[in-house]
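A.B. asks: Would you mind keeping the following structure in view while I ask a few things?
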Amino acid sequence: MCGIIGVVGSSDTLDTLLEGLTRLEYRGYDSAGVALVRQGQTWRARTAEGTESVSALKEECKKAPRGFTSGIGHTRWATHGAPEAVNAHPHLDCSGHVAIIHNGIIENHAEIRAELEARGHLFSSRTDSEVLAHLVEEARGGGAELMEAVRVSLLTVRGAFAVAAMDATEPDVIVAARRISPLVVGTAPGVTYLASDIPAILDRATAFYAVNDDEIVRMGPEGFRAIDLEGAPVRLKQLTIDWDLETAEKGGFDDFMSKEIAEQPDAIRATLLDRRRKDGTITFDELRVSDDELRDVKRVVLVAAGTSHHAALVAKYAIERWARLGVDVDIASEYRYRDPIVEVGTLVIGVSQSGETIDTIQAAREARRRGARVVAISNIVDSSLARESDAVIYTRAGLEVSVASTKAFVAQVAALELLALRLAQLRQTLSPSDVDALFLGLSHVSAQVAQVLARGADVDDVAKQLLGARDFFFLGRHVGFPTALEGALKLKELSYLHAEGYPAGELKHGPLALIEPGVVVVAVATDPAMHEKLLSNLAEVKARGATVVAVATDDDEKIEAVADYVLRVPVTEPMFTPMIDIVPLQLFAYAMARGLGKNVDRPRNLAKTVTVE
Ligand code: AGP
């Protein structure tokens, strides 16, 4: 996820860009850059100083010539191409006149690049985004105005983009376009702005407009006009913004947690983007472990903490089921001290949203010291865990601010199940058609999550009824068990209520003694293969006076007999259910915490990243 900003017609162009980039740093900060453009001149500065990239850019921009009234800026979260200055945006075309910035992923960048290079274009970066500069250059060379040049260029592009282009031979114009990646336009008298989000331009623009997928906007000092990809005029919807800056950074949500819960469909979609080639091969560009090494893996060990541990538990079911590989899952802080056996062919996977959890880093170090190959699953590019591992697979959930992890969890499950499919491809334990069918199912999950998010009011109603409860059991079977653990953790850390996640089949081996009137049992009951047994577990607890809340599929006609409240979710492949079933549990924990007056973004005693042992 990157941040983009642009302005045309401004008397303080550079300040606008740099202040905007500062506000956009949360979207990524491994490198940054600006381009100022006027008749016949494009001036560019780029830095790659990690978290100091924008600060370093401000220093660099002190050398900028004065008098520019238009420019674009970018803060990067590397997906293709290392986080180095040469890969920082803006990218230029061969002439140096065209400058572009891009947030997203060009899925077919490799084939476009090969065609452009065959026609003599010289590339200076390893990024997917640079192809856009050369595509626009070609269209401009054919006599097209900048807006038409961008339009025809985007006709050949697959993937996600929020892109902005300028050309020194058509000054005081920015052309921007959007597909999946966010983009807003702002106006003030004599000035027009663009940005990835509203906070970046909130203190300068006075009117704001949403740009929808496949819409292209031509911006000048006098304002803007928009067309669709076919060239037909479109009207941008004006947004009513009465936010202060802090609210704006939450995208209009009351808090980061509700914003991040709402971002889960995009987090899953972004994590899956560009990870399946046309021939069906699952691919991770950044995974620096050869197919042969992966094929030779004899055992997998996952180490993680908290929510990431729950995602790792889901991965165990998927890797064992699809790749027929033995998997152990360890709490990172335990793994280190149990003198683990690491045999030849052991692949250790460290799962961490922050990539900075010291328990997980130390566990990965211990595994490497004992000869294991280590792959990191990290949501932050270049995190400590990513840097110390042999290879990394990035989730692309975007920055997660709220202490309670939500969108990172679903993105981790998506990435880990994708890895399980890759292992199954290499070991030929699934047929190509089965892998294709599962990948297709995985790519539908983001829409199913969006369906569940739309049912949030149902969850609020249940939470209101249960605000007085003090004891909760979360039950599940198979992958419903890690989902139950995650649901219990959300409730604990947000509402400070006692909640335990338990395998449903385990209740009768002791915990059933705790069940009495007033205890709430929350059951994840969406797996058909486990359904009958789960129904009898619920009958057992109901007979002892528990209040039962069930997460059940839309077509479940039996659940009402054993549940006081039912939270409905769409039917999906059982292995994908953790990404869907966790949503009502997140919303439940959120509603309970809000009802109890807790600070959902900053729960007591906790930190977003635990860097102490
Ligand atoms: C989850 O909501 C908590 N914030 C916590 O359990 C977290 O998952 C854990 O500290 C691991 O963090 P990581 O994913 O950044 O390693």
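The values are calculated or read from the model by the stated rules, or taken from the named source; none is laboratory data. Since the model is a prediction, treat every value here as computed from it, not as a measurement. Methodologically, a virtual Cβ is constructed for each residue, glycine included, from the backbone with ideal geometry; neighbour enumeration extends over all protein chains shown. Surface accessibility is based on the protein's heavy atoms, side chains included, excluding ligands, DNA and RNA. Shrake-Rupley method; radii C 1.70, N 1.55, O 1.52, S 1.80 Å.
A.B. asks: Of all residues in the stretch 342-359, count the ones that are within 21 Å of Leu294 (Cβ to Cβ) and not small (Gly, Ala, Ser).
C.D. replies: 8
A.B. asks: Going by the structure shown, is Leu426 open to solvent by 30 Å² or more (accessible area, probe 1.4 Å), among the hydrophobic types (A, V, I, L, M, F, W, C) and modelled with pLDDT of 95 or more?
C.D. replies: In short, no.
A.B. asks: Condition test on Pro528, is it modelled with pLDDT under 95, within 29 Å of Gln412 (Cα to Cα), out of contact with any His (no Cβ under 8 Å at 6 or more places or on another chain) and surrounded by fewer than 24 Cβ atoms within 10 Å (Cβ to Cβ)?
C.D. replies: When the stated conditions are applied, Pro528 passes them.
A.B. asks: To continue, here is another question. Do you know which residues across the stretch 154-172 are open to solvent by 10 Å² or more (accessible area, probe 1.4 Å) and in a loop (DSSP other than H, G, I, E, B)?
C.D. replies: Thr156, Arg158, Thr169, Glu170, Pro171, Asp172
A.B. asks: Would you be able to say whether some residue in the stretch 568-579 is buried (at least 24 other Cβ atoms within 10 Å of the Cβ) and within 16 Å of the ligand (Cβ to nearest atom)?
C.D. replies: yes
A.B. asks: Considering only the stretch 105-145, how many residues are over 21 Å from Arg179 (Cα atoms), open to solvent by less than 70 Å² (accessible area, probe 1.4 Å), in a helix (DSSP H, G or I) and of a type in the set (A, V, I, L, M, F, W, C)?
C.D. replies: 2
A.B. asks: A further question on this structure: Can you find, within the stretch 377-396, the residue that is nearest to the ligand (Cβ to nearest atom) among those that are outside any helix (DSSP H, G or I) and open to solvent by 20 Å² or more (accessible area, probe 1.4 Å)?
C.D. replies: Going through the qualifying residues, I end up with Ile380.
A.B. asks: Yes or no: Met592 of a type outside the set (Ser, Thr, Tyr) and more than 16 Å from the ligand (Cβ to nearest atom)?
C.D. replies: So Met592 does not fit the description; no.
A.B. asks: Moving on to the next point. Counting just the residues of the stretch 322-338 that are open to solvent by 30 Å² or more (accessible area, probe 1.4 Å) and at pLDDT 95 or above, which one comes out farthest from the ligand (Cβ to nearest atom)?
C.D. replies: Among those that are open to solvent by 30 Å² or more (accessible area, probe 1.4 Å) and at pLDDT 95 or above, it is Arg324.
A.B. asks: Residues in the stretch 498-516: is at least one assigned to a loop (DSSP other than H, G, I, E, B), open to solvent by 60 Å² or more (accessible area, probe 1.4 Å) and small (Gly, Ala, Ser)?
C.D. replies: no
A.B. asks: Residue by residue through the stretch 314-348, note down the ones that are charged (D, E, K, R), assigned to a loop (DSSP other than H, G, I, E, B) and without any contact (Cβ under 8 Å) to a residue 12 or more places away in the chain.
C.D. replies: Within the stretch 314-348, Arg338, Asp339 meet the criteria.
A.B. asks: Hand me the list of helices (runs of 4 or more DSSP H) wholly inside the stretch 173-277 holding 3 or more residues that are open to solvent by less than 40 Å² (accessible area, probe 1.4 Å).
C.D. replies: Counting at least 3 such residues, we get 256-262, 264-272.
A.B. asks: Right, another one. Filter the stretch 24-52 down to the residues that are closer than 25 Å to Arg218 by Cβ and modelled with pLDDT under 90, then identify the one that is surrounded by the fewest Cβ atoms within 10 Å (Cβ to Cβ).
C.D. replies: Arg27
A.B. asks: With respect to Val157, is the statement that it is without any contact (Cβ under 8 Å) to a residue 24 or more places away in the chain and among the β-branched types (Val, Ile, Thr) true?
C.D. replies: No.
A.B. asks: Test Ile358 against the stated conditions and say whether it is at pLDDT below 95 and among the β-branched types (Val, Ile, Thr).
C.D. replies: Yes: the conditions hold for Ile358.
A.B. asks: The conditions are (1) aliphatic (A, V, I, L, M); (2) open to solvent by 10 Å² or more (accessible area, probe 1.4 Å); (3) in contact with a Phe, Trp or Tyr (Cβ under 8 Å, 6 or more places away or on another chain), and Val403 fails exactly one of them. Which is it?
C.D. replies: It is condition (3) that Val403 fails.
A.B. asks: OK, next. So which residues in the stretch 61-79 are open to solvent by 20 Å² or more (accessible area, probe 1.4 Å), more than 23 Å from Asp167 (Cβ to Cβ) and either in contact (Cβ under 8 Å) with a residue 40 or more places away in the chain or in contact with a Ser or Thr (Cβ under 6 Å, 6 or more places away or on another chain) (or both)?
C.D. replies: Trp77, Thr79
A.B. asks: With (1) in contact (Cβ under 8 Å) with a residue 12 or more places away in the chain; (2) more than 12 Å from the ligand (Cβ to nearest atom); (3) more than 29 Å from Gly345 (Cβ to Cβ); (4) part of a helix (DSSP H, G or I) as the list, and Ala408 as the residue in question, which single condition is left unmet?
C.D. replies: Answer for Ala408: the failing condition is (2).
Conditions (1) over 18 Å from Asp564 (Cα atoms); (2) surrounded by fewer than 16 Cβ atoms within 10 Å (Cβ to Cβ), marked per residue:
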residue: Asp434; (1), (2): yes, yes
residue: Ala437; (1), (2): yes, yes
residue: Val445; (1), (2): yes, no
residue: Val449; (1), (2): yes, no
residue: Asp461; (1), (2): no, yes
residue: Leu466; (1), (2): no, no
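A.B. asks: Give me the pairs, please: first residue somewhere in the stretch 381-394 and free of Cβ contacts under 8 Å to residues at least 40 places away in the same chain, second residue anywhere and away from the ligand (no atom under 12 Å from the Cβ) and open to solvent by 30 Å² or more (accessible area, probe 1.4 Å), beta-carbon distance under 7 Å, and either six or more positions apart or on two chains.
C.D. replies: Glu388/Arg365
A.B. asks: What are the pairs, 6+ residues apart or on separate chains, where a residue within the stretch 285-310 that is on the phi < 0 side of the Ramachandran plot and at pLDDT below 95 has its Cβ under 7 Å from a residue that is within 16 Å of the ligand (Cβ to nearest atom) and open to solvent by 10 Å² or more (accessible area, probe 1.4 Å)?
C.D. replies: Within 7 Å, the pairs are Glu286/Tyr394.
A.B. asks: Shifting gears a bit: Looking at the stretch 95-104, which of the residues that are part of a loop (DSSP other than H, G, I, E, B) and in contact with a strand residue (DSSP E or B) (Cβ under 7 Å, 6 or more places away or on another chain) is most open to solvent (accessible area, probe 1.4 Å)?
C.D. replies: Here the answer is His97.
A.B. asks: Could you list, in sequence order, the residues of the stretch 35-50 that are of a type in the set (Val, Ile, Thr) and over 14 Å from Ala165 (Cβ atoms)?
C.D. replies: Thr47
A.B. asks: Any residue that is within 16 Å of the ligand (Cβ to nearest atom) and out of contact with any strand residue (DSSP E or B) (no Cβ under 7 Å at 6 or more places or on another chain) - is there at least one of those in the stretch 542-563?
C.D. replies: no
A.B. asks: Go over the candidates Ala32, Ala82, Ala45 one by one and state the one that is out of contact with any Ser or Thr (no Cβ under 7 Å at 6 or more places or on another chain) and part of a strand (DSSP E or B).
C.D. replies: Exactly one of Ala32, Ala82, Ala45 is out of contact with any Ser or Thr (no Cβ under 7 Å at 6 or more places or on another chain) and part of a strand (DSSP E or B), namely Ala45.
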